[in-house]
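Nothing in this text is a laboratory measurement; each read-out follows from the coordinates by a stated rule. No experiment lies behind these values; they were computed from the predicted model shown. Cβ coordinates were reconstructed from backbone atoms using ideal geometry, including for glycine residues, and neighbour counts include every protein chain displayed.
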Amino acid sequence: MKKIAISELNSLFAAIAADRKLYIPTDDSTGQSQFTIWEEGSILSRNVNTVRSAKDSFFPQVENLMGFKVTGKQIELIETRDPAESFAVFGVRACDVRSFDILDRVFLTEPVDTYYAQRRENVCIISLACGKPSETCFCTAFGIDPAEPKGDVTCWMTGEALYWQPNTEKGEALTAQLSVLVDADVADIEQEKAAIRATAEKLPFGKLDLSAFGQGKTKELFNRPEWKALSQSCLGCGTCTFICPTCQCYDIQEFNNGKTVKRFRCWDSCMYSDFTKMSAGQPRPTQTERFRQRFMHKLVYYPDNNEGIFACVGCGRCLRKCPIHMNIVKVIKTMGEGTK
Amino acid sequence: MQRVKEKAIELLRSGEVSRVLGWKTGEFFYDLTPAVFESVEEVEKGFVFSLFSGANLSKYLIAESKKEGKIAVFLKPCDSFSFVQLQKEHRIKRENIYAVGIQCDGMCDGESLRSAGCEGMTGVEDGESLTVHTLYGDQVIEKKEALLGKCQTCKSKRIVDFDELIGQQGEDVPSDRFAEVAKLEAMTPEERFAFWRTELSRCIRCNACRNVCPACSCEKCVFDNPVSGVQNKAVADSFEENMFHIIRAFHVTARCTDCGECSRVCPQNIPLHLLNRKFIKDINELYGDYQAGADFDSRPPLMDFRMDDPEPSVIYTRGGAAK
Ligand code: SF4
Ligand code: SF4
Ligand code: SF4
Ligand code: SF4
Ligand code: SF4
């Protein structure tokens, strides 16, 4: 274990950023936090989490896939892939670190998504334990420990120092480059960990009962009458899907100017009216079916395909940001109650 | 505030209405959800009107008023402006609605408390000031610091249209809602451009602003329509997103009541209201004071023609608006 004084954080970031891009959470002009590229003068946010999740690092909102140039009857393929460059993301919370496992199971199984895979290979994840969880946090319901996030390196922050623990080869390699870090005693952070776990114990949804969900529950839940009331005032805005660290749906579209074609992908949302639109029609004609999809995917379909693992990490973003305050906790509680 | 719930029960019980549009309790004290209640039991179990009933329910009436039977709706003063504007645009069926106006002293929400410095919130006591219970101890904050942005610059306490009132009818109140617009106007074009580029760069194009907006009532937005040729799930460049907001602001000009919902729901805290208010301010200066949703008779300036209508470009090159 290593450490560095909080007052020296800037030199740590400078050292990491010496040979790669470094993203850290900083406060925007409205006081919310966002992952931004570190530069001299950047100040680490003290908010519990960022508005957008860390998935943006591997799965950006818009990304070029390839281009085509048409001359007469010739079609030429143009490579538009970003060059592979290594980067680091600092300050990833335990929930977001877990979300990478969930995304990996989608993007890294055959056929492998090479765009995602390339970024995933090139990243060094530096996680940060959560000093002050929010009431909307319920990571513990999914067995995530906010006091011990995973990642290539795990960090803890106490009043005076940032503690640094490499977990993987990548993490060790980075640590070896950072002469600003000094040796520290593992025992130094026990108190901090205990404090985080004590708060986590008190989280209102930390022990959410998930027994109504999981593998094989489709038949029981699909036609439940509660979906209608739950989705009744949903605006279909898609905010919940865009800020969610585990939402992974995208659309592939093309810009075509008659001579060149740019093929790109962009985030899509199951909450949108054209998401499943096909020439034959729309199998999810109203917001109720769209809404149901989002939660069934997280809580039943994904577990069905992934040994029971839920595709929610309890980050609480959808609890904070839904304009009508409808969210996965309300769904879990309402359905759970109806099952009893 | 209990009277609002009692009224909902009374209206359902007497058969005056068959449904009630209101706010439903959440898991926290602040996360109320707009909901339709169909029985006295449902109201008793879940209806609440509190400091956190900020959501404007008017837009739901577009769909709800077209259904069978009469629906009661609860409207704060600002919501009633949207309600009237929607009627002027023939978007709702007034005869199917029983409107209850509610006096309002300003609303808060979880995010506005968070901006005021609260985290880990588990409860609140509403008094002179707010005592917020958190996982980390109690915090006392001034109510006005915790108010929603739209409430900090409230333009009117008047409920424009209602069948019944709870509390006092109010009046238009002096508000400095154009102060920030004036600040932007005083900037150089370069500074202003930089300001908007920074603010709008955070947009994730979730469309919450558009979907919540009572003035955005098209059945299918052109930007959602795959055959429109301008559907844009992705942007060609970083300016396109910015354009969307400018175009949307134009589209709702003179119909936007300044209800403030767009800025309230934006997950990225983008000050969208400043775009709308710039248009409202310009209209006031060019065509005389106009407030969308304030009455039933006035003609919206951009849908009206008068021989003495000013020519904006001429006015501004001559140095200032005619008034
Ligand atoms: S659940 Fe909320 S955030 Fe998600 S689409 Fe519906 S209104 Fe928007
Ligand atoms: S569903 Fe909500 S709480 Fe769960 S991971 Fe997504 S945003 Fe976070
Ligand atoms: S959900 Fe858990 S891991 Fe995520 S920010 Fe909250 S406390 Fe930290
Ligand atoms: S609500 Fe905010 S983030 Fe979403 S589209 Fe509107 S301005 Fe962009
Ligand atoms: S543009 Fe914003 S302030 Fe104006 S009516 Fe729509 S939601 Fe309300």
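Tell me, what ³J(HN,Hα) does each residue in the range B:16-33 have, in order and in whole Hz, if you take phi through Karplus 6.51 cos²θ - 1.76 cosθ + 1.60 with θ = phi - 60° and put x for Gly and Pro?
3, 9, 9, 9, 10, 9, x, 10, 10, 4, x, 8, 10, 7, 10, 9, 6, 10
Add -39500 (n - 2.57) for each DSSP H run of 4 or more in chain A, then divide by its residues: what number comes out at 222 nm, to the nearest 500 deg cm²/dmol?
Helix contribution divided over all residues of chain A: -8000 deg cm²/dmol.
Using alpha-carbon pairs under 8 Å, 6+ residues apart, how would you state the relative contact order of chain B in percent?
15 percent
Using amide H atoms built in the peptide plane, which far-off residues or other-chain residues are under 5 Å from B:VAL73 H to H?
Those qualifying (amide H under 5 Å, at least 5 residues apart or on another chain) are B:LEU21, B:TYR98, B:ALA99, B:VAL100.
For the range A:2-202, take the convex hull of the Cα atoms, compute a quarter of its surface area, and give me that in nm², please.
The orientation-averaged projected area of the Cα hull of the range A:2-202 comes to 14.1 nm².
Starting at the first residue of the range A:16-22, write each ³J(HN,Hα) from the Karplus equation 6.51 cos²θ - 1.76 cosθ + 1.60 with θ = phi - 60°, in whole Hz, x for Gly and Pro.
Per residue, the Karplus-derived 3J(HN,Hα) values read 5, 6, 4, 10, 7, 6, 10 Hz.
Return one quarter of the surface area of the convex hull spanned by the alpha-carbon atoms of the range A:218-339, equal to its mean projected area, in nm².
Dividing the Cα hull surface by four gives the mean projection, 9.2 nm².
For the protein assembly as shown, give the share of DSSP beta bridges that are antiparallel, in percent and rounded to the nearest 5; count only bridges with both residues there.
Bridges in the protein assembly as shown that DSSP calls antiparallel: roughly 70 percent.
Calculate the spin-label point distance for A:THR80 paired with A:THR276, positioning each point 7 Å from the Cα along the beta-carbon direction, and give it in nanometres.
Going from the A:THR276 label point to the A:THR80 one covers 2.9 nm.
Considering chain A as a Gaussian network with a 10 Å cut-off on Cα pairs, which listed residue, A:LYS321, A:LYS170, A:LYS219, attains the greatest mean-square fluctuation?
Maximum fluctuation in the GNM of chain A, among the listed residues, is at A:LYS219.
Based on the Cβ-Cβ distance from B:VAL140 to A:ASP27, what FRET efficiency comes out when R0 is 25 Å, to the nearest 0.05?
With a Förster radius of 25 Å, E is 0.55.
So what is the relative contact order of the range B:176-323, in percent, for Cα pairs below 8 Å that sit 6 or more residues apart?
Here the relative contact order equals 24 percent.
Using a 10 Å cut-off on Cβ atoms, rank the peptides A:276-282, A:161-167, B:243-249 from the highest mean neighbour count down.
Top of the packing list down: A:161-167, B:243-249, A:276-282.
What aspartates and glutamates does A:LYS2 reach when the alpha-carbon gap must be under 18 Å and sequence neighbours fewer than 8 apart in one chain are set aside?
A:GLU148, A:ASP152, A:GLU160, A:GLU169, A:GLU172, A:ASP183, A:ASP185, A:ASP188, A:GLU190, A:GLU192
Using a cut-off of 19 Å between alpha-carbon atoms, which lysines can reach A:LYS277, once sequence neighbours fewer than 8 places away in the same chain are excluded?
Here the lysines satisfying the reach criterion relative to A:LYS277 are B:LYS220, B:LYS233.
Arrange A:LEU208, A:LEU319, A:LEU22 by Cβ neighbour counts within 10 Å, fewest through most, would you?
Final ranking by Cβ density, sparse to dense: A:LEU208, A:LEU22, A:LEU319.
Pairs B:LYS93/B:LYS157; A:LYS21/B:LYS150; A:LYS3/A:LYS207; A:LYS207/B:LYS24; B:LYS5/B:LYS143: which exceed 29 Å Cα-Cα?
Exceeds cut-off: A:LYS21/B:LYS150; A:LYS3/A:LYS207.
Compute log10 of I(q)/I(0) for the protein assembly as shown with the Debye formula, placing one identical point scatterer on every Cα and leaving out solvent, at q = 0.06 Å⁻¹, to two decimals.
These q points yield log10 I(q)/I(0) values of -0.36.
Run the quick spin-label model on A:ASN257 and A:ILE37: label points 7 Å from Cα toward the beta carbon, then report their separation in nm to one decimal.
2.4 nm
Out of every Cα pair in the range B:144-287, what percent are spaced more than 25 Å from each other?
Counting every Cα pair in the range B:144-287, those more than 25 Å apart make up 34 percent.
Antiparallel DSSP bridges in chain A: what percent, to the nearest 5?
Approximately 80 percent, going by the DSSP bridge assignments.
Could you pull out every one of the aspartates and glutamates with an alpha carbon less than 13 Å from that of A:LYS69, ignoring same-chain neighbours closer than 8 positions?
Output for A:LYS69: A:GLU79, A:GLU254.
So for the pair B:THR122, A:GLU121, with labels modelled 7 Å out along Cα→Cβ, what separation do we get in nm?
Result: 4.8 nm between the two label points.
Given chain B, what percent of its DSSP beta bridges are antiparallel, to the nearest 5?
The antiparallel proportion sits near 60 percent.
Based on the mean of other beta carbon atoms within 10 Å per residue, what is the order of A:46-52, A:34-40, A:105-111, most packed first?
The packing order, highest mean first, is A:46-52, A:34-40, A:105-111.
Which residues among the range A:90-127 fall inside the zone where the amide N is under 14 Å from a point 7 Å beyond the Cα of A:ALA173, along Cα→Cβ?
Correct set: A:119-125.
With r defined as the distance between the Cβ atoms of A:PHE222 and A:GLU110 and R0 fixed at 25 Å, what FRET efficiency is calculated, to the nearest 0.05?
Approximately 0.30, to the nearest 0.05.
Per-residue mean of other chain beta-carbon atoms within 10 angstrom of the beta-carbon, peptide B:197-208?
Mean inter-chain Cβ contacts per residue within 10 Å come to 5.
If you take each beta carbon of peptide B:210-223 and count the beta carbons of other chains within 10 angstrom, what is the mean?
Mean partner shielding for this stretch: 1.
Report, please, the projected area of chain A averaged over directions, based on the convex hull of its C-alpha atoms, in nm².
Mean orientational projected area (chain A, Cα hull): 20.2 nm².
On average, how many beta carbons from a partner chain sit within 10 Å of the beta carbon of a residue in B:185-195?
0
Which order do B:MET187, A:MET326, A:MET1, B:MET307 fall in if you start with the one that has the fewest other Cβ atoms within 10 Å?
Fewest-to-most ranking of B:MET187, A:MET326, A:MET1, B:MET307: B:MET307, B:MET187, A:MET1, A:MET326.
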